[in-house]
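Worksheet: one structure, shown below.
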Amino acid sequence: MFNCIRNCFSNSIRDNVKGCRIVQLLWSDTLMRRAFFVLQPFLTDVWKLSFTHAAAIVNIWEGTSLMLPAVFQLLADKYLGNFKVVVISTVSSTLGIVFVTMSLPPVLGMGPCKEYNETCVGNTQRGLLYLGVALTAIGRGGLTVSVPCLHDEQTSQGGQFKLCGLVQKHGSTAQNLCVYAIGLVIISLISSWTFRFGFPAIFAAFVTVTFLGGWSSYTKTGPKDEGSLLSTLFKAFTPCRNHQENEGGRKESSFMRHITGISINFIILGIVSALGNTFFVSQANYMKRKFLFMTIPLAVFQLPMLIALAAAPCICAMCAFLQCANKYCNFCVPRCLRTIPSIVGVAVAMAHAILCCVVAAAVVKRKHAMWLVFQFYLVACVDVFFRSSIEAYYHAQAPSTLRDYHDVYTDFVTGVGYFSSVVLVAIVGRVSEGEGKGKKSWFGETVGESRLDRYYWLLAVLGTLSLAGFWVMVPFCIGRVDKSPANDDNDSNRLRHQSSCCFGRY
């Protein structure tokens, strides 16, 4: 009996050590994202780029990192497995933040040119920064989908994951929120660009070495036998007779077609979310930030975002209750009833996007940066409501073969919105230039030379049209609910993967 207790205790310690080595990869990614919050002012103040050019770089980086999880999901499911994807992503992310740090003038500055000004930025610095930004985007895309699932593979043998999916996922988010807060404090206190990017680089290198040091102890599973996300999508949209004769195939096709059709209304959410790390940060950098006897650091404006992210578990509380009641308590909860809260949540996210643009347009001419707190909070609520609602919608209505891909879908749609933001700014800037002689473009070299209020009002109008289009298509979504007695929620073999995979997304 003593040997049994000792073995159980040692196994528990070993599992916890492996779990910490894996989870800390997400901590490193979170800290790196906090550092990149000030990438926009770095490009405008040091590189002397226009704020729209800098915003395009940041949005392309963010959009790429959000769209790549779909690619890495394919690689993990079909070809490589989660462990190999995590290794590739970790090395890529670490090299990326190291290259970004090396691109700073004091690090590789030659001779006396080691100052943070445009003359000290040469082709070498630019090349290292672009390469580093690309590698960090690749790393983020792989870590997002593979780290939580690899963590599952290490601890699944002990049966630790018995809570329902939404409760387990949002409970695990608290760890990343703590790292978020720590990174916020560190970056706020550090005024040097070298340490703002150098500290996350050092931490990422330490985490990578620690993770790779336990190579032989990890449980490594191969690709899944049931196929991949990409093959499921091909089947869903291919009019194959054999596929249509299968009941599961009909459910997949129906769900994928209606969720793809309604996604056009969600692009505006990504466009509005793209304002948080770009235009809003440029406004805060341009406006007065004096408060009493101190200057408010730019990183402090992430605090309203942290407050919004901390409320994520409350947003999905009702959806989680309905899911658990139906699965574990033998309550007969109609699927349409489980779908309605998620639909309302998406509408609330779109309403927050409209309100965010209206508030931003109203305070754009204010002098003090503290007026921006409201729009920073609202833009964070947009992503929180949308992500949580889509997750609840997938758990309530998606077939079991597609239910695990809610985060991949949300990331991809949001990433399309980030790229659409770059295109929209380019189109609006060119159209406003051609309005006539004597009229300025909406976008100048700096925030002070621009008419951002007009752009924000344009986004508010587009958001209103998207919200109207969404409500028009809502009956179509509810009408697709499967009312047959067969309920694919009884697939107990997939419970572990659904309950904890893709935790800590914020």
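Every number here is computed from the coordinates shown, using simple stated rules; none is lab data. Keep in mind that what you see is a predicted model, and the values were worked out from it rather than measured. Positions of Cβ are backbone-derived with ideal geometry, glycine not excepted, and every protein chain shown enters the neighbour counts.
A few comments on the model shown:
- Table column - 3J(HN,Hα) (Hz), region 71-80, Karplus curve with 6.51, -1.76, 1.60, x for Gly and Pro: 5, 5, 5, 4, 4, 5, 6, 9, 10, 9
- Taking θ as phi - 60° and the Karplus parameters 6.51, -1.76 and 1.60, the scalar couplings of region 275-289 work out to 6, x, 8, 10, 5, 5, 5, 5, 4, 5, 6, 7, 7, 6, 10 Hz in sequence order, x denoting glycine and proline.
- Among the GluC sites (Glu not before Pro) in region 48-148, those placed in a DSSP loop whose Cβ has at most 13 other Cβ atoms within 10 Å are E115.
- Taking the average, over residues, of other Cβ atoms within 10 Å as the packing measure, peptides 90-102, 458-470, 197-209 rank 90-102, 197-209, 458-470 from highest down.
- Summing +1 for each Lys or Arg and -1 for each Asp or Glu among the other residues whose beta-carbon sits under 12 angstrom from that of L75 gives +2.
- Net charge, M32 excluded, C-beta distance under 13 Å - Lys, Arg +1, Asp, Glu -1: +2
- For region 28-112, trypsin sites (Lys or Arg not before Pro) meeting the loop criterion (DSSP other than H, G, I, E, B) and having at most 10 other Cβ atoms within 10 Å: none.
- Two-decimal ratio, region 343-443, of alpha-carbon radius of gyration to 2.2 N^0.38 Å: 1.40
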